[in-house]
Amino acid sequence: MIVYLNNEFLQLEEAKISPFDRGFLFADGVYESIRTYNGKLFYYKDHLKRLRKSLNEIRLLYNETEKIERIIYELINTNNINGEALIYLQITRGTSVPRTHSFTQEDVNPTIFISAAPLKRNEQEQKEGIRVSLQDDIRWLRCDIKSISLLPVIIANQSAVDAGGKEAILRRNGLITEGSHTNFFAIKDKIALTAPAGPLILSGITRMIVLELFNQLEIKVKEEFIKADELKMFNEFFITSTIKEITPVVQIDEWIVGDGKPGELTHKAQNAFDELVENY
Ligand SMILES: Cc1ncc(COP(=O)(O)O)c(C=O)c1O
């Protein structure tokens with residue numbers, strides 16, 4: 001595998017980072033996961049916009065975002081990825097020797113790492129749906145920043161997996177925020193609800209696309225928090241992300257949703273999404 005690290009295309013084994021990198025020491029950095037459809041980067045401009053926002057919010061000055069797109073396509077080519085690709089991109093605030101919390105902008109030399117790997121849709125999950133597990137949302141109050149500091153969601157996701165689920169659905173003060181690495185939608189009376197954009201969720205690109213698709217399909221959407229203790233009043237759920245696309249949720253912990261099969265509006269969303277990516 002060939003990866004990109006700080007201006008170089010390298011064999012993975014040759015890609016080395018200082019133990020004093022602030023990403024390693026403090027999780028002081030941000031990231032993006034981007035994918036292709038038909039070999040073309042999907043909603044790249046929106047990912048770039050979110051990356052710039054994350055960089056800006058953590059005061060990480062990185063002025064070379066313009067060249068990222070070209071690097072990504074070169075990585076896809078040099079790794080001979082013929083089907084779809086998943087791109088992982090991370091920018092940290094570089095090294096701090098000795099380890100100090102504060103930084104001086106003039107001394108910052110960011111570390112940028114990008115990898116590309118083949119990506120295949122999980123057909124079974126798409127068709128049959130998944131089981132999820134409710135977990136506490138113990139993250140900080142800036143979940144809108146795509147920070148590499150992911151320990152709270154790693155623990156939540158692992159707890160969900162231990163409980164027999166595929167994803168953790170997070171609950172903060174009795175309200176559902178989102179999944180550990182996905183956004184969450186609930187449907188009742190033909191109306192879809194999803195948590196509002198703001199500091200308590202990561203505003204997903206797929207979430208945004210689904211909102212647009214529902215709008216086109218004239219399906220009403222409310223950007224409102226769903227109360228955890230009212231989940232059983234809903235009859236359909238799904239999660240969204242770049243990798244999971246639109247994945248139906250058919251079981252929440254021990255509760256089987258409806259007849260245990262993906263719901264009608266979930267199907268409509270999936271079909272509209274498929275049409276969008278086919279023509280992308
Ligand atoms: C916490 C969280 N919410 C939502 C998402 C989905 O975002 P997107 O649709 O842009 O992949 C992610 C993706 O990594 C995430 O980490």
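Read the figures in this text as sums done on the coordinates, not as results from a lab. Worth saying up front: this structure is predicted, and the values here are computed from it rather than measured. Here the Cβ is made from the backbone with ideal geometry for all residues, glycine too, and neighbour counts use every protein chain on show.
Relative to the current alpha-carbon distance between Asn235 and Lys40, full extension at 0.36 nm per residue lengthens the span by 66.7 nm. Taking the fewest neighbouring Cβ atoms within 10 Å as the starting point, the ordered list for Thr95, Thr194, Thr36 is Thr95, Thr36, Thr194. Helix 264-278 versus the longest principal axis of the chain: what is the Cα-based angle in degrees, 0 to 90, to the nearest 10? For helix 264-278, the angle is close to 40 degrees.
Extending 7 Å from the Cα toward the beta-carbon at both Glu212 and Arg52 defines two label points whose distance is 1.7 nm.
FRET efficiency for the pair Lys268 and Glu123, taken as 1/(1 + (r/R0)^6) with r the Cβ-Cβ distance and R0 = 25 Å, rounds to 0.85. Here the average projected area of the convex hull drawn through the C-alpha atoms of the chain stands at 15.1 nm².
Given the chain, what percent of its DSSP beta bridges are antiparallel, to the nearest 5? Of all bridge pairs located within the chain, approximately 80 percent are antiparallel.
Which of Lys222, Lys67, Lys261 moves most in a GNM of the chain, Cα contacts under 10 Å? Highest fluctuation of the listed residues: Lys67. Helical content of the chain, expressed as a calculated mean residue ellipticity at 222 nm, amounts to -8000 deg cm²/dmol (DSSP H runs of 4 or more residues, -39,500 (n - 2.57) each, divided by residue number, nearest 500). Here the extension length gained between Glu64 and Ser102 equals 11.4 nm, from 0.36 nm per residue of separation less the Cα-Cα distance. Against the main long axis of the alpha-carbon atoms of the chain, helix 151-162 sits at an angle near 40°. Where in region 19-41 does the label zone of Tyr73 land, with the point 7 angstrom along Cα→C-beta and an amide N cut-off under 16 Å? The answer is 35-41. Cross-link check: pairs Lys45/Lys261; Lys45/Lys268; Lys40/Lys232; Lys227/Lys268 evaluated at a Cα-Cα cut-off of 31 Å; pairs beyond the cut-off: Lys45/Lys261; Lys40/Lys232.
Over region 124-278, all Cα pairs binned in 10 Å intervals from 0 give whole-percent P(r) values of 11, 45, 36, 7, listed from short to long. The label-point distance for Lys261 and Glu224, in a model that sets each label 7 Å from Cα toward Cβ, rounds to 3.0 nm.
Between Ile154 and Leu276, the simple spin-label model (points 7 angstrom out along Cα→Cβ) gives 3.1 nm. Bridges between two residues of region 140-264, per DSSP, are antiparallel at a rate of about 85%. Remark: Arg93, Arg142, Arg59, Arg50 ranked as Arg59, Arg142, Arg50, Arg93, counting other beta-carbon atoms within 10 Å and listing the fewest first.
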